[in-house]
Amino acid sequence: MATLTMAKAINMGLRNAMKRDEKVVLMGEDIGKLGGVFRVTDGLQAEFGDMRVVDPPLAESGIVGTAVGMAMRGWRPVVEIQFDGFVYPAFDQIVSQVAKHHYRSAGKTTLSMVIRIPFGGGIGAIEHHSESPEALFTHTAGLRVISPANPVDAYEMIQQAIAHPDPIIFLEPKRRYWDKAEIDDSVDVMNKAEGYSRLFDARVAREGSDVTLVAYGPMVKTCLEAAAAAEGEGLSLEVIDLRSLTPFDIDTVVKSVTKTGRMVVVHEAPQFGGVGAEIAARITEKCFWTMQAPVLRVSGMYMPYPAARVEHAYLPDLDRILDSVDKAMEY
Amino acid sequence: MLTAPDDLIQLLTHEGKRVTHADFSLDITDDEIRSLYRDLCMVRRFDNEATALQRQGELALWAQCQGQEAAQVGAGRALLPTDFVFPSYREHGIAWTSGVDPVAILGLFRGTTNGGWDPYEHNFGLYTVVIGNQCLHAVGYAMAGLREGKTEAVLTCFGDGGSNQGDVSEAFVFAGVYNAPVVFLCQNNQYAISEPNYRQMRAPIYKRAEGYGFPGYRVDGNDVLAMLAVMRHSYEHARSGKGPVLVEAFTYRLGAHTTSDDPTRYRDADEVEYWKDRDPLLRVKRYLDSVNTPQSFYDEIEVAAEAMAVHIRAGVRELADPTLDEMFTHVYAEPHPLVEQEHREMTEYFEQFGGMRSPHAAGGH
């Protein structure tokens, strides 16, 4: 057992994946000697060499496009996009090529690749460094989109994602990089009986009976804090950590909402056309007759991510979540 | 009017005379030239058949390669079986020399598939329609080859229009930095649909190579001998660990961009006439006639081309529409619950009416 930050946990997961499979190659700006701007790849180039931990030229489409070519030859590239706001130059390659190649080749070409993106706000960064572009990717069939919320999941999910045959967008909640947890490194994650079969399952992070909070990535912790505060007010909130946005583990959410009859979805991304809208529509369809209130959403707003000095007003926090919980309870 | 520059690498003039070049030579027999001519004719026939099939409503679209056969056959015939090709969507000549069934290519243009063949069967990747994407794949594929200790060349193709895409420039950067064994073949057919070279670039494309740190050559793309010589040299350059090469094949698109295009709106008839006299097939015929090629040689090609045409016409009409099950297959490598759910729902929906019926089938609407 070791107590590690999420950044270190991902680092250890990457190291394990590279030891497990010599076809795993990491590519990303400054991930070599520097260890990445968040130090997630710290020490890996020294250990595995610059043919497996590659500092490519500064060109995101080039990085993803060459990773596609490597994957076509059976390699397993793990790409790091430095920040969420820098993924758009690669968006064409991701949507037109990464997502579609298995389909158009009728399964002849498997692109087993992971695109890691530190995402979300809350760290006081300048513009283009705090965005939540997940809906752009969940709307693109052919991609799987997942996001860990804590160091243990980050450690396990990165290894499972790398072993998976489909291309996966791996969204890392950058504001949680420094959260710590105990990591059990004595068991090989991939040798566990389930392999990566549980990778896309949601998790009940806290049980409750009055309202279901659904979140993923950085907002899971915020929801858990809201649930703890609500307990003092006599409200029992269930918190679901989705872990995977596509596939979306609807069964776990339906089970919870069938119990509580109320649901609030929380994410940093803007509400309109967001992941929360899709979840709301699907849960309404499945749980219409047992629901006591419409699905409510707490989210960012329909604007470019604002200047960092006011991001506290943009990002969902404990108070805004509990405000929506109260509204759900009023129905 | 656009004419051919006089500094192109050339080994066979448009009058059909063999000439020498200071840097590139080709040791080739007349019989080998006849073999090249055969390929040029077969590709021309394939192209014409496909155009006719589009006019008959059998294809949704066709992207003609007429005029570019020498550039493609030269590039294709210089490949070794272990090399790999990342084409755009007009490389019918290289598909032909690689051994891809012409009918498979037409599936994409008929709309029965988004792909059509196994990229690994003939080391010929799927056609790529988003301009320039494939150049980065070629570089990545070559980078992986370096890691496997392989000495294979990777060919990727783009056009004068594609040369403007960021992905092509990024591919040059990556190939240069990693010394990747990639040969970039730009078929400059002078028009990006309607936009002539002077609306797209200030300096010749091949000169860009120097800025990225590798050699660039500009070849008479209508001269199959020059193309063969320069491409052989370039692949060998790549295979021997010297890194990438850019070859600009200066050619002319005799046909339209696609069957949806109308080049009379933006090209002068005089210009087209000038280039028709520089037709890549014509100059080889002129040469072969000058070395006493018997009529039976041309007759045999005509017979083979007609047999291929029969195969294409029958094969295209037999290309089946995907079934509903096939439509939902291969979105992912492993099962995805949402795809499975929608597959199930659509199957149940269509079952109410006796199954999915194609509007293209006889009796359809």
Per 0.36 nm of contour for each residue apart, how much would the distance between A:E22 and A:E285 grow if the chain were fully extended, relative to their Cα-Cα spacing?
90.1 nm
Just check the stretch B:122-278 against the gyration tensor rule for me: Cα atoms, a ≥ b ≥ c as the square roots of the eigenvalues, rounded for a/c under 1.5, and otherwise prolate or oblate depending on whether a/b exceeds b/c.
prolate
Taking Cα atoms, how many degrees apart are the long axis of helix A:275-287 and the longest axis of chain A, rounded to 10 and kept between 0 and 90?
50 degrees
A:A229-A:R309 FRET efficiency (beta carbon distance; Förster radius 25 Å; 0.05 resolution)
0.45
Considering only DSSP beta bridges whose two residues both sit in chain B, what percent are antiparallel, to the nearest 5?
10 percent
Tell me, what does the Kirkwood hydrodynamic radius of chain B come to in angstroms if you use every pair of distinct C-alpha atoms?
21.7 Å
Pairwise centroid distance, computed over Cα atoms, of the stretch B:1-64 with the stretch A:121-136, Å:
52 Å
Pairwise FRET efficiency - B:T13 versus B:E210, Cβ, R0 = 25 Å, nearest 0.05:
0.35
Among B:M227, B:M346, B:M143: highest mean-square fluctuation, GNM of chain B, C-alpha pairs under 10 Å
B:M346
Give me the one-decimal nm value for the distance between modelled label points at B:L61 and A:S96, 7 Å along each residue's Cα-to-Cβ direction.
1.2 nm
Which is the longest run of chain B containing none of the trypsin sites (Lys or Arg not before Pro) found in DSSP loop states (not H, G, I, E, B) with at most 16 other C-beta atoms within 10 Å?
B:18-149
What is the magnitude of the charge dipole of chain A about its Cα centre, with +1 placed on the Cβ of each Lys and Arg, -1 on the Cβ of each Asp and Glu, and no other charges, expressed in debye to the nearest 20?
880 debye
For B:M1, B:M327, ascending order of other Cβ atoms within 10 Å (fewest first) is B:M1, B:M327
Tell me the angle of helix A:250-260 to the major Cα principal axis of chain A, expressed in degrees between 0 and 90 and rounded to the nearest ten.
20 degrees
Round to the nearest 10 and give me the degree value, 0 to 90, for the angle of helix A:151-163's Cα axis relative to the longest principal axis of chain A.
50 degrees
If you take the alpha carbon radius of gyration of the stretch A:203-330 and divide it by 2.2 N^0.38 Å, what ratio comes out, to two decimals?
0.98
Chain B: longest segment with zero exposed GluC sites (Glu not before Pro), where exposed means DSSP loop plus at most 15 other C-beta atoms within 10 Å, is residues B:149-365
Of the cross-linked pairs A:K23/B:K150; A:K221/A:K327; A:K19/A:K192; A:K286/A:K327; A:K174/A:K327; A:K8/A:K192, which ones have a Cα-Cα span greater than 26 Å in the structure shown?
A:K174/A:K327
Chymotrypsin sites (Phe, Trp or Tyr not before Pro) within the stretch A:149-202: DSSP coil, no more than 15 neighbouring Cβ in 10 Å:
A:W178
Between B:K276 and B:E121, 0.36 nm times their residue separation minus their Cα-Cα distance comes to what?
52.2 nm
Tell me, what is the FRET efficiency for B:D27 and B:L146 to the nearest 0.05, using R0 = 25 angstrom and their Cβ-Cβ distance as r?
0.25
Straight-line reach from B:K276: which aspartates and glutamates fall under 17 Å, measuring Cα to Cα and dropping same-chain residues less than 8 apart?
B:E15, B:D47, B:E69, B:D220, B:D223, B:D268
Rounded, prolate or oblate, given the Cα gyration tensor of the stretch A:48-162, with a/c below 1.5 counting as rounded?
rounded
Relative to the present Cα-Cα distance, how much length would full extension add between B:L338 and B:E300 at 0.36 nm per residue of separation?
8.2 nm
Over the stretch B:216-260, what number does the Rg to Rh ratio reach, with both radii from the alpha-carbon atoms and Rh per Kirkwood?
1.13
Can you classify the stretch B:178-266 as rounded, prolate or oblate using the Cα gyration tensor, where a ≥ b ≥ c are the square roots of its eigenvalues, rounded means a/c under 1.5, and otherwise it's prolate if a/b beats b/c and oblate if not?
prolate
Chain A: radius of gyration over Cα atoms, expressed as a fraction of 2.2 N^0.38 Å
0.98
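Where a number appears in this text, it was derived from the coordinates with a stated rule and is not lab data. Keep in mind that what you see is a predicted model, and the values were worked out from it rather than measured. Quick reminder, even Gly has a Cβ in these numbers, built from the backbone with ideal geometry, and neighbours come from all protein chains shown.
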